[in-house]
Amino acid sequence: MVTRTRDRPPAGVLGSVPAVDLRPLLGGWVNCNQHTTGIHRIEIGDWEGMPIVRVFGAGRPAPIDWGEAAGSAFTDGVGRREAVAFTATYDLGFMQVLLACYIKLRLLVVNAYSTFTDSSGRASYWQPDNFYRP
Amino acid sequence: MTSLEYVRAEDQLPAGGEAPGGALRLAPLVGTWYATDQEALGIVRLELHDSDGALLVRAFGADVTEPYDWGEVSGTPYGHGVTAVEAMAFSAIYDFGFLITILSAYLIQGMLVLDTFNTFTDSSGRSNYFTREFFHR
């Protein structure tokens with residue numbers, strides 16, 4: 001079944017794709033903007049083939065640890081195995097955040113989609129950030 | 001003044017700033033968006049509607065004869081910050097039974113940039129995949 005042409009596997013590939021290789025995602029990523037008001041840094045680990053994400057938000061006197069969240073890894077196509085992107089969601093009690101992330105030119109691009117679930121009246125917001133491996 | 005919870009500086013209201021409350025204005029997103037790549041293999045068209053303040057998303061996937069109509073789902077709009085009153089991004093989820101697709105998109109310079117994150121839930125062996133696509137009105 002397909003929803004668009006991209007869903008169709010190249011001839012001979014169907015059923016033969018091995019587990020996704022997470023290595024391109026793994027490690028510590030630091031925001032290219034050291035004065036960011038968003039995410040300060042991200043750590044990505046491998047737990048039995050699943051990316052485990054740990055986010056630190058910009059805060060004073062120290063970054064704020066969001067804790068770990070299970071992520072999902074994505075390749076560049078249905079017949080590929082190298083991870084180029086991931087998603088993760090955080091439910092922080094007063095706010096939910098969808099992290100939609102991909103690698104571009106050795107940088108990790110992180111788009112954070114945040115929705116407040118408290119009664120503060122703050123608007124849901126999108127914030128992009130770029131990260132590098134130190 | 002009540003202290004608001006936050007997990008990064010951006011979550012806080014600016015000094016003297018007030019939370020807007022209420023729904024974001026959807027006008028910047030609403031309309032029909034076409035893939036800039038006329039030979040797109042992914043999504044060829046997106047229709048975004050305002051239904052009494054709620055965002056509705058309808059996507060059409062590329063195919064040889066005519067586009068696949070994915071049907072309509074609700075979307076979540078986002079502004080540019082905690083004091084925003086206008087939407088400039090959205091997310092939505094399609095569950096096709098054999099595939100779950102997350103759409104996440106934002107406006108830049110009059111273009112809509114769409115990222116899709118696709119997870120197969122069938123036993124086809126296809127890898128979960130990511131796309132980045134561009135749209136104009």
Quick check: from the Cα gyration tensor, does the protein assembly as shown come out rounded (a/c under 1.5), prolate or oblate? oblate
If I take R0 = 25 Å and measure r between the Cβ atoms of residue B:98 and residue B:47 in this structure, what FRET efficiency does the formula 1/(1 + (r/R0)^6) give, to the nearest 0.05? 0.60
Summarise the partner chain shielding of A:5-11 as one whole number: the mean count of Cβ atoms from other chains within 10 Å of each residue's Cβ. 6
State the dimensionless ratio Rg/Rh of the stretch A:1-131 (Rg: radius of gyration of Cα atoms; Rh: Kirkwood radius). 1.03
Once both labels are modelled 7 Å past Cα along the beta-carbon direction, what's the residue B:64-residue A:70 spacing in nm? 3.9 nm
For peptide A:20-30, how many partner chain Cβ atoms fall within 10 Å of a residue's Cβ, on average? 0
Taking the alpha-carbon centroid of each part, what is the distance from the stretch A:72-134 to the stretch B:64-109 in angstrom? 14 Å
Rg and Dmax in Å for the stretch B:71-137, alpha carbons only: what are they? 14.0, 45
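Can you tell me which of B:104-114, A:81-91 comes out highest on packing, and rank the rest after it, using the mean Cβ neighbours within 10 Å?
The densest-packed peptide leads the list: A:81-91, B:104-114.
Taking N as the number of residues in chain B, what is its alpha-carbon radius of gyration divided by 2.2 N^0.38 Å?
For chain B, the normalised Cα radius of gyration comes out at 1.20.
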Rounded to a whole number of µm²/s, how large is the Stokes-Einstein D of the stretch A:1-65 at 20 °C and 1.002 mPa s, given Rh as the Kirkwood radius over C-alpha pairs? 144 µm²/s
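No value in this document is a laboratory result; all are computed from the given coordinates. Predicted, not measured: the structure shown is a model, and the values here were computed from it. For neighbour counting, all protein chains shown are included, and Cβ atoms are generated from backbone atoms with ideal geometry for every residue, glycine included.
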